[in-house]
Ligand SMILES: Nc1ncnc2c1ncn2[C@@H]1O[C@H](COP(=O)(O)OP(=O)(O)OP(=O)(O)O)[C@@H](O)[C@H]1O
Ligand code: NI
């Protein structure tokens, strides 16, 4: 059974427009995904596609001016504000994208030990073990966040989630600033957690890294899921992929011809009326420019495209 189920998630921000008027800007539109226990689901998408907002919506960390609809379920039950605040840091852990989430006044070893489900000597043993595995020297534990490089801070944040004992881990871009070997080592640890029964939602820009260890890939574009595919569908010329955007991402990789995709993702203030990808899509027809396609199951995956087969 799915440990995490996100259905029809829509997030809009209210903004003051003039003295008496408020405007809303929808940034996430009808987003769907599930993560089973034992699975790594990677969410990939370019900057501004809504990855962090998805993570924050799951963790109950959206700002006050955000209006959220749809449903987020954890272990079959609605994850409302009260339940998420009870489970956060225990059953559900986040690796935040920003290293500013570290407490500047507490030594990092203590922060990581504090996150461990096991207390006392066992917590200290786990912290030492996870630091060693992540290439953090023993003395790092006695440092304050401002004494760490960006890459070290990221490894500290990942360590916190890795030893948390959580059943669901949402990792929001845990690898920028890490070299390839360190990023792969981080990925390997999340894979091991999933193999031990956790559900891992791994957010990244790096499709190649995602493909090296994830079971499924969820492709976000302009605030919605364009495709949900098995990692194994990313092969050959991309003939098993369902959406033109996913195919374009695949073909833009260095090993697949490096073919660039022209144009840019629309800003939430200026979304096209039909398919959000239509302005950049070489297959776009009249339907695509006037109607929004539904997210439909297709061949053990799902896609939001009128022409997918
Ligand atoms: N507090 C906010 N108020 C208004 N708009 C916001 C707010 N937070 C995010 N957005 C907008 O929502 C969209 C999605 O942002 P989000 O941070 O989720 O992107 P992302 O995919 O995580 O990008 P990145 O890869 O750069 O981290 C962007 O257009 C962003 O400008
Ligand atoms: Ni982000």
**Request:** Would you check if there is a residue in the range 152-167 being buried (at least 17 other Cβ atoms within 10 Å of the Cβ), over 17 Å from the mean Cα position of the chain (by Cα) and in a loop (DSSP other than H, G, I, E, B)?
**Result:** yes
**Residue among 30, 38, 8, 18 that alone is within 16 Å of ligand 1 (Cβ to nearest atom) and on the phi > 0 side of the Ramachandran plot** = 30
**Asked** Filtering the range 20-32 down to residues that are more than 12 Å from residue 7 (Cβ to Cβ) and more than 16 Å from ligand 2 (Cβ to nearest atom), which residue is surrounded by the fewest Cβ atoms within 10 Å (Cβ to Cβ)?
**Response** 20
**Asked** If you check every pair at least six apart or on different chains, which have Cβ atoms under 7 Å apart with a residue in the range 50-77 that is free of Cβ contacts under 8 Å to residues at least 60 places away in the same chain first and a residue that is more than 7 Å from ligand 1 (Cβ to nearest atom) and in a helix (DSSP H, G or I) second?
**Response** 60/81; 60/84; 60/85; 62/56; 68/57
**Request:** Could you please tell me which pairs satisfy a Cβ distance under 6 Å, a separation of 6+ or placement on different chains, a first residue in the range 118-131 that is farther than 15 Å from residue 186 by Cα, and a second residue that is outside any helix (DSSP H, G or I)?
**Result:** 123/116; 126/116; 126/163
**Fill in**
Of 248, 231, the only residue that is away from ligand 1 (no atom under 16 Å from the Cβ), modelled with pLDDT of 95 or more and surrounded by fewer than 19 Cβ atoms within 10 Å (Cβ to Cβ) is 231
**Prompt:** Does at least one position in the range 184-199 carry a residue that is modelled with pLDDT of 95 or more, surrounded by 18 or more Cβ atoms within 10 Å (Cβ to Cβ) and within 16 Å of ligand 1 (Cβ to nearest atom)?
**Reply:** no
**Prompt:** Does residue 122 satisfy the condition of being under 30 Å from residue 7 (Cβ atoms) and assigned to a helix (DSSP H, G or I)?
**Reply:** no
**Looking only at the range 63-92, and only at residues there that are touching a strand residue (DSSP E or B) at 6+ places or on another chain (Cβ under 9 Å) and assigned to a helix (DSSP H, G or I), the one that is nearest to ligand 2 (Cβ to nearest atom)** = 84
**Item:** When residues of the range 33-62 are limited to those that are within 16 Å of ligand 2 (Cβ to nearest atom) and part of a loop (DSSP other than H, G, I, E, B), the one surrounded by the fewest Cβ atoms within 10 Å (Cβ to Cβ)
**Value:** 47
**Request:** Answer yes or no as to whether residue 95 is at pLDDT 95 or above, touching a helix residue (DSSP H, G or I) at 6+ places or on another chain (Cβ under 8 Å) and within 16 Å of ligand 2 (Cβ to nearest atom).
**Result:** yes
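Here's the yes/no breakdown for (1) assigned to a loop (DSSP other than H, G, I, E, B); (2) in contact with a strand residue (DSSP E or B) (Cβ under 6 Å, 6 or more places away or on another chain):
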site: 171; (1), (2): no, yes
site: 175; (1), (2): yes, no
site: 178; (1), (2): yes, no
site: 182; (1), (2): no, no
site: 186; (1), (2): no, no
site: 200; (1), (2): no, yes
site: 208; (1), (2): no, no
**Asked** Does residue 284 count as surrounded by fewer than 23 Cβ atoms within 10 Å (Cβ to Cβ), out of contact with any strand residue (DSSP E or B) (no Cβ under 6 Å at 6 or more places or on another chain) and closer than 25 Å to residue 36 by Cβ?
**Response** no
**Message:** Let me confirm something: among 230, 252, 181, which residue is free of Cβ contacts under 8 Å to residues at least 40 places away in the same chain, out of contact with any helix residue (DSSP H, G or I) (no Cβ under 8 Å at 6 or more places or on another chain) and within 30 Å of residue 288 (Cα to Cα)?
**Reply:** 252
**Fill in**
Those residues of the range 63-100 which are buried (at least 16 other Cβ atoms within 10 Å of the Cβ) and within 16 Å of ligand 1 (Cβ to nearest atom) amount to 66, 68, 70, 72, 94, 95, 96, 97, 99
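The values are calculated or read from the model by the stated rules, or taken from the named source; none is laboratory data. Model, not experiment: these values are computed from the prediction. Counting neighbours? That spans all protein chains shown, and the Cβs are built from the backbone with ideal geometry, glycine included.
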